[in-house]
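Written below as structure tokens is the structure these notes are about.
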């Protein structure tokens, strides 16, 4: 009986310690009007890395997705079509979140994604952005400030997405 009590106490203390650590080590998430966190991640669509700093100077769409996410599959054609429509005006970057490299690459091929895509296998970049799940899309202006954060699939928020793209390209 005493071993069960000690084990339970150790488990409770461990969980409490984990809670305290998580609360004290939270990063501020991206807020509309504020700067978005920088990242430098391994490219999923080729060799090398891609960092957000390299993309400054043009509006950028950052889309967090995963191959195992059903709604992500539905919004993939919307993102690809928008990337073609705004080519040269808006940069698009996909971030494959908490996924296996081979599954992410298979997703890109299956949905004919041509814009640059990187991998956030650990989820640390998603944490910096304050991600609550996938899909989530961030529209960033040319100065690196967040214009719009869309939580959920673009199939449901297509008009908001289109409006934010138009706002991003206005001088």
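Read-outs: derived from the displayed coordinates by stated rules, not from any lab. Bear in mind the structure is a predicted one, so any value in this text is a computation, not a measurement.
Please compute P(r) over all alpha-carbon pairs of region 67-111, binned at 10 Å starting from zero, and give each bin as a whole-number percent.
Per 10 Å bin, starting at zero, the Cα-Cα P(r) for region 67-111 comes out as 26, 52, 22, 1 percent.
If I take the Cα coordinates of region 25-171 and project them onto the principal axes, what are the three extents in Å, biggest first?
40, 37, 29
Before anything else, pin down the relative contact order of region 28-169: Cα pairs under 8 Å, at least 6 apart, normalised by residue count, whole percent.
It comes to 34 percent, rounded to a whole number.
Considering only DSSP beta bridges with both partners in region 20-171, what is the antiparallel share in %, to the nearest 5?
On the way: 15 of 25 bridges.
Bridges in region 20-171 that DSSP calls antiparallel: roughly 60 percent.
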